[in-house]
Amino acid sequence: MVDSSKTKRDIPPHLILKSISPRKQRSLDKTITPTTSPKKRKRLEEKKKNKEKKSSSSELVTSAGKTENLESPRKKRKKDKFLDVSELEKDEEEIVEDIKKKRKSSNKALPTTATRIPTPLSPKKHKKSSASKNNKNLTIEVDSEPLDISTQLTSSSMSLPSSTSSTTPTETLTTKNGTTLTYQNAGIILTSWGQSIGQQALEIVYRNVLSLEPQVDSPISNRLQARIKAAELEGRSPPKILEKGKEIDIHNPQDTLRECSITLPEIGIVNSFKPSEGGWKNKKLAKQSASFESVKTLYGLGKLDEDLKPISPKSPSLATTKVETSDDNDNDILEEIDQKVAKEVRLSTKSRSTKQWDEQKALIKSKLPPSPSESMVTTNGQSGVGKYKYLKSPSFWLDSPLLEPDQLYASSLELLIDAPYYENYNIQKSCRKLCLITSQPLNIFDENGMIELDLTVGDQQPDIGTKFRMIDHGKMKTWEQNNLEKALKFTERLLRAQLQKPFKGNLAEIKWLIVPLKPDFEHGNTKIGKKKKLQRKDISWDEIDKIVEGPIFSPFDVDNVENMKKQCEDGITTSSAEFSERRYIKSIRSDLKLSSPHPIIPNKTILGSLILQPELQYEEEDQIILELETIKSSKHGGIINSILFPLKNELNYLPIEILKLHCIPSSIYKPSTLLPYFFHQLDNLLISQELNNQCFSGLVKPKLLLNSLTTPSTNFYPNKNYERLEFLGDTILKFIITLQSYLFILNHDQYRNDDKNKQNDTVKIDEDNKKQLEEFFLNRHIITSNRSLQNYSVSDNLQLNKFIRSKRLKVKDWLPKDWDFDWNSSDLPANRQNHKLQKLSSDDMESQHDLGDKVLADVLEAIIGASYLTSRDFDDVLIVTHALGIPIKGLYKWSDIKYVIPPSISQQNKTTITTTSKTTNPEEKYMKFFKSKLNNENSILGYEFKNKSRIDQILSLDMNSPGRKNTFDKYRLLGNAILDYYIVENLFDKYPDEGPASLHNLKVSRTTEGVRSALCTELGLLDLLRDATDETRLQITKIRKAAKTAKARADQLRSKAIKEKKEDAKEVGLEWWTDIATSHSTSDPLEALIGAITHDSEFSFEPTRKIFHERILPFYVTYCFPPKKQPNHPKDELIKWLQSKGCSTNIHLSIERKLIIQKLSASRKNEEEEEIVVRFHGTEITKEKIEFGSGGKTLRKVCQFTLSFLKDQGGLEKLCNCKNAKKG
């Protein structure tokens, strides 16, 4: 016989064994232990006494009369990991020997890894050691790598914990200027350094290590233990655990700790620090430790400055390359080099255009404001990241009055998802409409009184368009006080059931309620400006009364089959506890009995699958089996995850007798599983609307403004964050700034032309024009630079940082505002009661968050894009742009352009028209009309110029004409901004699902010099060019002929593919202009023409928009690659391949475009050419001179040759000596 006292378990009184679920039983088995036997109790008491004896005898008196503490081996191991300050009193040789032994025992892989030296003891508690004073120049050497102790102690201060633990890494390093390195920011700094050398991702390796401490608890996770136990109960084989393809014995667990190593290019492998336990508890801590050690190593090697920012390496040049020659041939080689240099000189810098651009960038950078993250107020120790104020709750709830029967506003909520999910799951019937009751109206609705609130449920899963359609029903008629209290009680029970917490509401504090609407309620058609009133009878008061006044759960009416079926139609099952597991009732399985085989668990019956065998009152023939689906709570995605992943839904088959019916119907419960997501998004929308009303006068649509304030880290869907809007807003801002600068120069030119007759100094006028263009470039780049936009964002008048949504929703931590807790009223066990959980008040509005400088600039540009999409009206865009603090002087409305244009233009046009009408007779008019129909010299691409001189300015290639080049450049800059605006707007509308990277690639492929040259050929603009030199005319003829030949060949290939009915027939012959030579003379006229037409039409965009849609856009559609079909550039392929092989392309790969000056005789002018030189690890791979107009073609050619040489001909193995390079 077995003693029952030893096996008896203490079952909590609130549990009923009959109704307990299998999952509850598994949890119960883990928390409840058998009663301790007397023998075991005696052994525990003896162990306790022995422990006390050891602690009392830990202090012994030595022979010198001093007391000495005896330390356990575990503490000894922890202490030996560091070089103690007392060891500084030893001789230098002893220190070196000790450190060598410790480094070998700790199995450090790199000699460059900094040795851990703790900070000297604080002077407040201990006196400074004399050894530290006398050893200022003491240098120790570990594995042939010198480490200066004095440098370590003075240049950086480390604060170490008293005992290094694998769970609480608190080590820090502080540089000379106060920048702090921690385990938390080490990864960001290391990633920044990797990107600076061209490594997008460093190689990280994790390893399992044995724990140095005895295993007390099982290392297997609780979740895995539950799976193993469930498998044993159900008669299945336990789950397999694979590690590197090998199965691990779950009963003999090993490798429970982790260590990490990171490969630094050109440096080596850096391992994570090894704590006393032998490793780290998880991969995250191990990676943080390895990142911390890597940053320390980089800082010690001088790869990072005092701000822990990457120090840019010097690019290799020919001047630093050593050439090995023999002594006998030195003179011959030097003479040969002198002769070569006498003929041609290769400049060590890049081409002149690139050098000029570098000088302009340096000038722009000198005039930019400082980064806002570098301010002492916002700094947080990370480069490019600042700490700013953050609004976590809108002022709407704070300003809302208390709920009163005569001041109630209703907004209905309807759950929507995309097809075919909506029809397949019958969302209209299975998810009822709810009603949000507030004490003041929500100001987020459109002109129709409706808004669709997009929800993001979970991460990295398909987006099925989850949203709540909200309709504003305005103010309701006065309620009875009793109904208001019933609505409060219903909301309370709904929240308690959904969040599994004992919420308690008080009408003196809360600001909103949720009530169900009747199943047959329909919104009807709402008219603009009119709201469909919600009647009190539309609320399902019968169900509210039943839920509020009845019990939380009740038994099924098994005796009455009809009543039982009605209960199951829209029911939820539960056990005899309020906060227990619930299940949706899917169907009544009349084909199953208790003795039937379980449909899911093999080799078991339905009765045998139950963990606890219940005492059933009814016989087997009368038992009713229900097919149930376990409810997914809000923190697990609610009803949306049940729809998305039906195979993961847990099905159960249980007899109805042991189940209880929950008071809330499933059609109300299902949409309410999304309430945390709804209120989180509603709060964000109210915060964005607060910014809209404060700064933009409500001109921006609320949803668009919210998207522009949402960072990708918060919501990774491109349609729900600022990335796409930033792409559009950047182009809109560039367009507006360019137009404003052009108008400013236009006025300046007018005043100068008025004095032209007085001065008669053409050279001085050209110099003024050149200075104006330089200022135009400079001002445009300064205004639109990220640094300027960042400072606009955090200005005191805007404080955009408060409204940016950068924090992701954590559903398990979400709490409804102003709802209190009542733990005494719950039946939760003591271990599930969290009394530290406090009520979330609507008064608590502000917090702090970290924002990168780039985020601040991107959000501001996204707001501009959102303002444009709201109405496509530039008047609204200008108002928003001024509100953002961007300086656009003299342009506040789009209609102001006609006032900014110099009046002489329109007056001159009118005068010309009136004088011609007076002097020409009817016959001359007829002949002019007839000639214009045949060959109208004033018309280009269907637009007839009012001022003929503009045609000469854009079509003439005479560079000696006074002011021609400056005028042409101004037209080209204006046309470039307008053409970019048309292209980006078309791409944004045509591809609504494409991300910013794809849209950027599409834009680049449509704005290259090659495609503009092809367009000029296709539109016939090259035939209109005049006043060119013989050499230029010959070049244009060659380019035009090559373009027409390439196009004809592409059309022929496409026609052949279409006849053969190939699947990719439409992709044949695309972008045929790639290998055709180009020049500024063949590509710039298109942009200059668009700018000149805009000026000539008094800045009306209708003519240029018509030309774009009728002439240019069809060409793009026919010959440009669609999304994600563009071939990779050979340079990109080369860099990616080298990075995949572990070679640092930023250091060892050099692709330079250099200028060659061929020195001729004194009577002849020196000739200039350009070449592209590719060097790898200091060795010249290839060199190719650039033929006229074929720079892009030459670049592709040399990159293809380099890739073939390194990849196919073994060049990588011969030249690359990187330590972490992957051979083969």
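Checking the conditions here, which among Cys1218, Cys1199 is surrounded by 12 or more Cβ atoms within 10 Å (Cβ to Cβ) and modelled with pLDDT under 85?
Cys1218
So which residues in the stretch 382-410 are polar (S, T, N, Q), in contact with a helix residue (DSSP H, G or I) (Cβ under 7 Å, 6 or more places away or on another chain) and either under 30 Å from Thr179 (Cα atoms) or open to solvent by less than 20 Å² (accessible area, probe 1.4 Å) (or both)?
Gln382, Ser383, Ser393
For the condition over 30 Å from Asn707 (Cβ atoms) and over 38 Å from the mean Cα position of the chain (by Cα), what is the one hit in Glu485, Glu492?
Just a single option satisfies the conditions, and that option is Glu485.
If you check Gly529, Gly465, which single one turns out to be on the phi > 0 side of the Ramachandran plot, of a type outside the set (Asp, Glu), touching a Leu at 6+ places or on another chain (Cβ under 8 Å) and modelled with pLDDT under 95?
Gly465
Confirm whether Lys770 is farther than 29 Å from Lys365 by Cβ, open to solvent by 10 Å² or more (accessible area, probe 1.4 Å) and at pLDDT below 90.
Here the answer is no, as Lys770 does not meet what is asked.
What's the number of the condition Leu809 fails, among (1) in a helix (DSSP H, G or I); (2) crowded, with 17+ Cβ neighbours inside 10 Å; (3) out of contact with any Pro (no Cβ under 6 Å at 6 or more places or on another chain)?
(1)
Within the stretch 1097-1118, is even one residue modelled with pLDDT under 90, of a type in the set (Lys, Arg) and open to solvent by 20 Å² or more (accessible area, probe 1.4 Å)?
no
May I ask you to list the residues in the stretch 420-435 that are more than 34 Å from the chain's Cα centre (by Cα) and not in a loop (DSSP other than H, G, I, E, B)?
Of everything in the stretch 420-435, those that are more than 34 Å from the chain's Cα centre (by Cα) and not in a loop (DSSP other than H, G, I, E, B) turn out to be Gln428, Lys429, Ser430, Cys435.
Any idea which of (1) part of a loop (DSSP other than H, G, I, E, B); (2) over 30 Å from Thr180 (Cα atoms); (3) under 30 Å from the mean Cα position of the chain (by Cα) is the one Leu453 doesn't satisfy?
So Leu453 meets the others, but not (1).
Which residues, taken from the stretch 531-542, are closer than 30 Å to Asp446 by Cβ and either in a helix (DSSP H, G or I) or polar (S, T, N, Q) (or both)?
Gln535, Arg536, Lys537, Asp538, Ser540
Has the stretch 481-496 got any residue that is farther than 18 Å from Leu682 by Cβ and assigned to a loop (DSSP other than H, G, I, E, B)?
no
So which residues in the stretch 629-653 are free of Cβ contacts under 8 Å to residues at least 60 places away in the same chain and buried (at least 21 other Cβ atoms within 10 Å of the Cβ), if there are any at all?
Scanning the stretch 629-653 gives a single hit, Ile631.
Go through Asp873, Asp858 for me and flag whichever is of a type outside the set (Val, Ile, Thr) and closer than 27 Å to Pro712 by Cα.
Asp858
For Asp545, indicate whether it is exposed (fewer than 15 other Cβ atoms within 10 Å of the Cβ), in a helix (DSSP H, G or I) and out of contact with any Ser or Thr (no Cβ under 7 Å at 6 or more places or on another chain).
yes
Inside the stretch 1014-1048, can you point out the residues that are assigned to a loop (DSSP other than H, G, I, E, B) and over 24 Å from Val1117 (Cα atoms)?
Leu1025, Asp1027, Ala1028, Thr1029 - these are the residues of the stretch 1014-1048 that are assigned to a loop (DSSP other than H, G, I, E, B) and over 24 Å from Val1117 (Cα atoms).
I need every pair where a residue in the stretch 440-454 that is among the polar types (S, T, N, Q) has its Cβ under 8 Å from the Cβ of a residue that is open to solvent by 40 Å² or more (accessible area, probe 1.4 Å), sequence separation at least 6 or different chains.
The qualifying pairs are Gln440/Asp399; Gln440/Pro401; Gln440/Gln407; Gln440/Tyr409; Asn443/Asn693; Asn448/Thr526; Asn448/Lys527; Asn448/Ile528.
Whether any residue in the stretch 836-843 is at pLDDT below 95, open to solvent by 50 Å² or more (accessible area, probe 1.4 Å), farther than 28 Å from Asp446 by Cβ and in contact with a Leu (Cβ under 7 Å, 6 or more places away or on another chain) is what I want to check.
Yes, some residue in the stretch 836-843 is at pLDDT below 95, open to solvent by 50 Å² or more (accessible area, probe 1.4 Å), farther than 28 Å from Asp446 by Cβ and in contact with a Leu (Cβ under 7 Å, 6 or more places away or on another chain).
Can you pull out every residue in the stretch 454-472 that is under 15 Å from Gly638 (Cβ atoms) and of a type in the set (A, V, I, L, M, F, W, C)?
Leu455, Val457, Ile464, Phe468
Scan the stretch 812-824 residue by residue and report those that are part of a helix (DSSP H, G or I) and open to solvent by less than 60 Å² (accessible area, probe 1.4 Å).
Trp823 - this is the single residue of the stretch 812-824 that is part of a helix (DSSP H, G or I) and open to solvent by less than 60 Å² (accessible area, probe 1.4 Å).
Among the residues of the stretch 705-721, write down those that are crowded, with 21+ Cβ neighbours inside 10 Å, within 12 Å of the chain's Cα centre (by Cα) and under 20 Å from Ile464 (Cα atoms).
Those that are crowded, with 21+ Cβ neighbours inside 10 Å, within 12 Å of the chain's Cα centre (by Cα) and under 20 Å from Ile464 (Cα atoms): Thr710, Asn715, Pro718, Asn721.
The values are calculated or read from the model by the stated rules, or taken from the named source; none is laboratory data. On a predicted model such as this, the values are computed, not experimentally measured, just so you know. All Cβ positions, even for glycine, are placed from backbone atoms using ideal geometry, and neighbour counts span all protein chains on display. Keep in mind that these areas ignore ligands, DNA and RNA; they rest on the heavy atoms of the full protein, side chains included. Shrake-Rupley method; radii C 1.70, N 1.55, O 1.52, S 1.80 Å.
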